[in-house]
1. Charges on Cβ only, +1 for Lys and Arg, -1 for Asp and Glu, centred on the Cα centroid of the protein assembly as shown; of B:Thr249, A:Gln252, A:Tyr570, which one is farthest towards the dipole's positive end?
2. Can you sort A:Met426, A:Met629 by 1.4 Å-probe accessible area, starting with the largest?
3. If I build a Gaussian network model for chain B, linking alpha-carbon pairs within less than 10 angstrom, which residue out of B:Gly143, B:Gly58, B:Gly152 has the largest mean-square fluctuation?
4. So what is the 222 nm mean residue ellipticity for the protein assembly as shown from helices alone, if each DSSP H run of at least 4 adds -39500 (n - 2.57) and you divide by all residues, rounding to the nearest 500 deg cm²/dmol?
5. Considering only protein heavy atoms, with the full assembly of protein chains and a 1.4 angstrom probe, order A:Glu662, B:Glu237 by accessible area, largest first.
6. Of the listed pairs A:Lys303/A:Lys361; B:Lys28/B:Lys223; A:Lys361/A:Lys396; B:Lys105/B:Lys172; B:Lys77/B:Lys209, which have alpha-carbon separations greater than 18 Å here?
7. Report, ordered by chain and residue number, the aspartates and glutamates lying within cross-link reach of B:Lys61, taken as a straight Cα distance under 12 Å and ignoring same-chain residues fewer than 8 apart.
8. Hey, what does the equivalent ellipsoid look like for segment B:2-225, semi-axes from the Cα gyration tensor as sqrt of 5 times each eigenvalue, largest first, whole Å?
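The values are calculated or read from the model by the stated rules, or taken from the named source; none is laboratory data. Quick caveat, the model's predicted, so the values are computed rather than measured. Ideal geometry is used to build each Cβ from the backbone, glycine not excepted, and the neighbour counts take in all protein chains shown. These area figures cover heavy atoms from the full protein model, side chains too; ligands, DNA and RNA do not enter into them. Shrake-Rupley method; radii C 1.70, N 1.55, O 1.52, S 1.80 Å.
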Amino acid sequence: MAVSTNRVNQSTGAPRRLVGAWWGPAVGASAIGFYATATAPRDEAGREIFFNVPAGSWAVYVFLAALMGLLVWGFVRHASLWGIGRPTPGLLRDIPSRLRNTARLGLAQDKVRRDRYAGIMHWSIMSSIVVLTLVTAQVAVEADTPLHFLYGDYYLFFSFYGDLFGVIGLIGVGMALYRRYFADFHRIRWDERLEDHLIILGLGLVLLTGFITEAARIQVTELDQHPDWAVWSFGGYAIANFLDLFGFSESQVLTFHEWTWWFHVSAAFAWLGMIVFTRLDHLFFAPVNAFFLRTDAPGRLAKIEDIETQEVFGVGYIQDFTWKQLFELDACVRCGRCTDVCPANIAGQPLSPMHLIQDLKMHLADVGPAIQQHRHETGEAGREVSTVALTGDVIKDETLWACRTCGACMQECPVMIEHVPTIVDMRRFLVMNEARIPATAQGALENLEMRGHPWRGTALERTTWMEGFDDVPIFDGTQEYLYWVGCSGSLVERNLPITKAVFRLLRESGASFGVMGQEETCNGDPARRLGNEYLYQILAQQLVETFKAKNVQKVITNCPHCFNTFKNEYPQFDGYFEVLHHTEFLNDRLHDGSLKATHAINANVTYHDSCYLGRLNGVYDAPRQILEMVPGASLTEMQRNLSKGLCCGAGGGNMWQEEVGERRVNQVRSEEAIRTGADQLISNCPFCIQMFEDGVPGVQPEEEGRIRPFDIAELLEDAVFGPDKREEPVSAGEPSA
Amino acid sequence: MHIVVCAKQIPDPETPPAAFKIDAATNKVVPAQGIAPVLSQFDGIAAEAALRIKEAGGDGKVTVISMGGESAQAAIKQVLAMGADEGVLLNDPAFEDGDSHTTAKVLAAAIKELGDVDAVFCGRQAADWDMGQVGLLIAENLGWPVTIIAKGVALEGNALKVERVLADGFEKTEVNLPAVVTVSNEFGEPRYPKLPQIMAAAKKTVTKKTAADLGLDPSEVGKAGARLQLQKLFIPEKGAQVEFIEGETPQEQAANLVAKLKADKAI
Ligand code: SF4
Ligand code: SF4
Ligand code: SF4
């Protein structure tokens, strides 16, 4: 099959290390410098340190001491705020992965590079700062220790890479200035502050004055005396030649040099001092947060242990977050990437993950000190200290409800902030502690409690789909696989053809499997995502026990939500099962030949990565390989695909909510699918299919030529059994909430 | 202010049609397998109305009473989780298979026994049989005034201001306490219980009462005391027969149709 290649440029497997190794040369160069100490003859190239600025030596150390003091003070101030949070369990588990994350995501900035322009820009600036700091450090060592190495060939090389990284830094600054002031680029302006201008203009100034100072020195000491040395500092050399054109006297140049030197040094230290007061602190916080990033599945939500004994359920007070959750608020650089990819935000709904993080950060700064003091004095939690409510005042209810838990924000965040657990923690408070829930979501939860499934008002039974088949095997512990149909697969009319397709394909493949029929009950995913952790735990506990009693070892699901729950969350309840999504299983069977797709389909299709299969579980290839094996089907990818895919709008319990905002997410995504020109919109999740059945007609009112949503199993069913064998799906099964 | 809420547990009205079965021999609904009974929806709303009055007044008490089997504890717990203070289960084999009269008699006896009750709130009808009589008959038994199908209830002094739903609008009434009110779905949704309350409710014990506890003679309650006899319970068979009217031309078809309708005495 022809895969047209407008896939978003990013890897699904091994991370790219292309730019990751940039700092190797810089460190290596410094090493060579120390080596050169022993080798180079003495009368070679070199320069007088603190040339022309005799007071410079002590001044630099005063500045440095002040900076260090400031950094320590800033750190303590921040840390005392994080300290009001609860303990963070498991932070030191799995150290090797954490170190790998620190290197890959922190130092090599894998996430930053997901926006290529920003990647180059940020790398330029960062490497320049690191290398120039090393350059300065070498100068200090040369000046104030017995070590003497800044002369000869190494001095020339030192001059060269110092200038090189100065220029690289200026290129980065230029790119940043362009984006901030000239390009039609929005996300960095959604929360623009004075510091953003100071940071970038300040850095430009520091770099420029560095060059000018160097140029003035070169003009006096090298331009005429040692032009062969001067060319190595090519930046300064060029400017020195330019200055030379004005014919200033030596003393004039010396005065000029002195002034620029002082300016440059003060500006550099002032700039570094901004680390304490501005988002520059990500310099430290981002790599550390990469270390803190959880190493288990991103689709897993934390379990509230001993839920019966909690004082407060979920997080309704800032001090009930873990300190890691508070810490990462400080790492946010307001880049807007999260909001830029957030489906709710894209549809004009009242959620912006960036603002959410910033609002929490501001709230922590507002009330944190008072809480801390209260704690100190009374030893109590201090929940009554804040007069504004975290949920409701600081973060609006509708903001929390608009989240799809799709993980796009976490995927993009360059400083590895985990928004979803934070959002769900607050939902938990709303639902369990306050019972403040949108009516339709409440209906779904009540239905889960009363009837064990979220589909209020369904007229179907869990066995309805079996009508017409007299050979549906019931799982009895002897079969290899349990085929988990799920509530959506059995109780929503639109999805019955999907369930039947998966069943027929499993049967055709000769797999040994059975279903649970009436005995299925919801695994609890909607309850957990909607914030009712208590109900979730009851449902999960029950089902784990049922699975164990039935001797279930391997499970095939047709629903990525069930898949994620069984695979990533049931281990929290001591339920360890081998879980496969039907796309994985069917792909394997196609490869080993037990299924054969022989009938040509001749359709243009596009493929929607559901968040719970794709981004949160990394299954991107199996479905695409299936599509490749369907004769005649040609895939055109949507603009947003793979890990950048856009949610259909159903996740996080939004299947059961009325959307508020300008648009509906399913329509936004449907539009994108329609733009590919495909005639079938293929997905892998019953929720997605329902969302598209519902969303497409809003975008394409004419029935003629409308794109049709199908599960990949339905497409494969056609290819395996022949297109005329497919049962026509009934119109969209909207939940009658 | 002490309000009693009468709550009934009923078979799930959302039982899928295919799972709804009737035992012709006993004239009873066969409990659908795996589908748990639920609190009658209107009773949940009555509980919500009672709780709002309690909360508005600051102090007060809400007692939930249910007549039924052991399983009806679940319905009581649900109202307790919403915020009711006490639960009473009227549980006696003698209460079974009664009609609206006997049910009202038992409930009224229990309310009398509680003593200090100011008002009784019921759902406008039970969502299984939809008779809508028990509330009225409780009032009858207690000798209290009753106002039915309320969409709004508020306490003012020693009276309840009740807004009632009529076929073509609303009616504002006022009734002196003690009184019985039946509450309709127009009142609004019952609240979603808070987890701390669910847990507190789980720990509360439900008082159980039998006919003897209430001083009722078994002959006046349940099947023995019922005045309404159920003749036959069945699911009506729905059928549709289609006949295509033949004919070469539209005129001929029309003529044949008329002849057919006349033959069937339809016209
Ligand atoms: S998980 Fe998805 S919907 Fe929720 S904030 Fe992140 S991007 Fe937005
Ligand atoms: S949360 Fe992350 S992605 Fe969002 S603005 Fe902050 S740093 Fe950027
Ligand atoms: S999580 Fe699975 S079982 Fe529960 S509602 Fe979803 S489809 Fe059904």
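1. A:Gln252
2. Correct descending sequence by accessible area is A:Met629, A:Met426.
3. B:Gly58
4. So the helix-based figure for the protein assembly as shown works out to -14000 deg cm²/dmol.
5. B:Glu237, A:Glu662
6. A:Lys303/A:Lys361; B:Lys105/B:Lys172
7. Within reach: B:Asp85, B:Glu86, B:Asp116, B:Asp118.
8. 26, 20, 19
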